[in-house]
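K.L.:
This is the structure, below, for whatever I ask next.
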Amino acid sequence: MITKEATPVVPAPVAAVPEPPRPAKRHRAWDEVPRWQIYLPLGIYLLFTLIPFYWILLFALRPAGSTSLVPWPMTFEHFEKVWTERSFGTYFGNSVLVGLATLVMTTVVALAGGYALARFDFKIKRAFMLGLLCSQFVPGALLLVPLFEIFAGLQMINSLGSVIIAETVFQLPLSMILISNFIKNVPYSLEEAAWVDGCGRFRAFRVIVLPLLRPGLIAVGSFAFVHSWNHFLFALMFLNNQDKQTIPVGLNTLMSADSVDLGALAAGGIIAAVPVVIVFAFIQKWLITGFSAGAVKG
């Protein structure tokens, strides 16, 4: 028997799949602008911004009576003078205490109030939110006399507690609004899922919601700390003894009607500014994230 050989099956050629068209490069108006037209205005702006800082460093680091435009020979006598003779060490400690206490109290109270505004509905909610917004238009100087009378009745004049309470009260409206917006960005379904798993409301908030609010809490806390650190009016009005004063009031004592010690004033300004700059250098990532998240929903 003669068998026929099987004819090999040749596969049909596979057509090449055409590559998807690449998206056209977006044309931006500033692509045609020469680079020097961008960098030159930025450089001029940076120059005018940095000159005042250099001027402060110059007066703080050069010897008294010197007219040199370069801080050489460098001296730290002005820093020693304000820290020891002008009691800036005490002022610094008081400012740190007021700032940290204001940060903690503002964050805790605003967190509770912001959660209520974000998760609960009640009849006067709109009116309450409107009241919080309108309170931002009231200057602190307008309430100095009523606050002074209240603290005098409570025997809190010349106490750091009066400044801490006043700073916290004035920081709460904005902080509460911001935190309520942060909480609105957290899906409510996450809390519901935690309730189904057996968590109570407080535990679900602590385990699920609170970790997601870290950028917002850092933003609100840093804002409260910096405001209380730089605020001058409340410390001036409610604190009388020198050992209770804060740094802004201490800077004011370096200026008199007859003369101003520029070296000591510059050194005191650097002492007041450096801690805030260091704090913002470490938290700027979370600060930007927090403020941008809080601006999404209102």
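The values are calculated or read from the model by the stated rules, or taken from the named source; none is laboratory data. Predicted model only: the values in this text are computed from it and were never measured. Virtual Cβ from ideal backbone geometry, glycine too; neighbours counted across all protein chains shown. These area figures cover heavy atoms from the full protein model, side chains too; ligands, DNA and RNA do not enter into them. Shrake-Rupley method; radii C 1.70, N 1.55, O 1.52, S 1.80 Å.
K.L.:
Residue by residue through region 211-222, what is 3J(HN,Hα) from phi via Karplus (6.51 cos²θ - 1.76 cosθ + 1.60, θ = phi - 60°)? Round to whole Hz and write x for glycine and proline.
P.N.:
Per residue, the Karplus-derived 3J(HN,Hα) values read x, 6, 8, 4, x, x, 5, 5, 5, 5, x, 5 Hz.
K.L.:
So, counting K/R as plus one and D/E as minus one, what does the shell of residues with Cβ under 15 Å around M237 add up to? Spell out each step's value before the answer.
P.N.:
Working: positive: K244; negative: E149, E167.
Net of charged neighbours comes to -1.
K.L.:
Rounded if a/c is under 1.5, else prolate if a/b beats b/c, else oblate: with a ≥ b ≥ c from the C-alpha gyration tensor eigenvalues square-rooted, which is region 121-193?
P.N.:
Note, shape of region 121-193 comes out prolate.
K.L.:
Could you tell me the calculated FRET efficiency between E149 and F122, based on Cβ-Cβ distance and R0 = 30 angstrom, to the nearest 0.05?
P.N.:
E between E149 and F122, to the nearest 0.05, is 0.40.
K.L.:
In region 160-278, what percent of the accessible surface is made up of carbon and sulfur (1.4 Å probe, ligands and nucleic acids excluded)? Don't skip to the end; give the middle numbers.
P.N.:
Numbers: 3400 of 5210 Å².
Carbon and sulfur atoms account for 65 percent of the accessible area of region 160-278.
K.L.:
Continuing with this model, one more query. Want the number for L100 to F202: 0.36 nm per residue separation, take away the alpha-carbon distance, what's left?
P.N.:
Net length gain for the segment: 34.2 nm.
K.L.:
Once the piece of chain linking N252 and V279 is laid out straight, how much longer is it, given 0.36 nm per residue of separation minus the C-alpha distance between them?
P.N.:
In short, 7.3 nm is gained.
K.L.:
Could you give the nm distance between label points at L142 and V70, where each point is 7 Å from its Cα heading toward the beta carbon?
P.N.:
5.4
K.L.:
On a 1.4 Å probe surface of the protein chains, which of W36, W195 comes out largest in accessible area, and what is the full order?
P.N.:
Ranked list, largest accessible area first: W36, W195.
K.L.:
While we're on this one: Find how many whole Å separate the alpha carbon centroid of region 148-180 from the alpha carbon centroid of region 73-127.
P.N.:
11
K.L.:
Taking a 26 Å limit on the Cα-Cα distance, which of the listed pairs K244/K285; K125/K184; K123/K285 fall beyond it?
P.N.:
Distance filter (> 26 Å) returns K244/K285; K123/K285.
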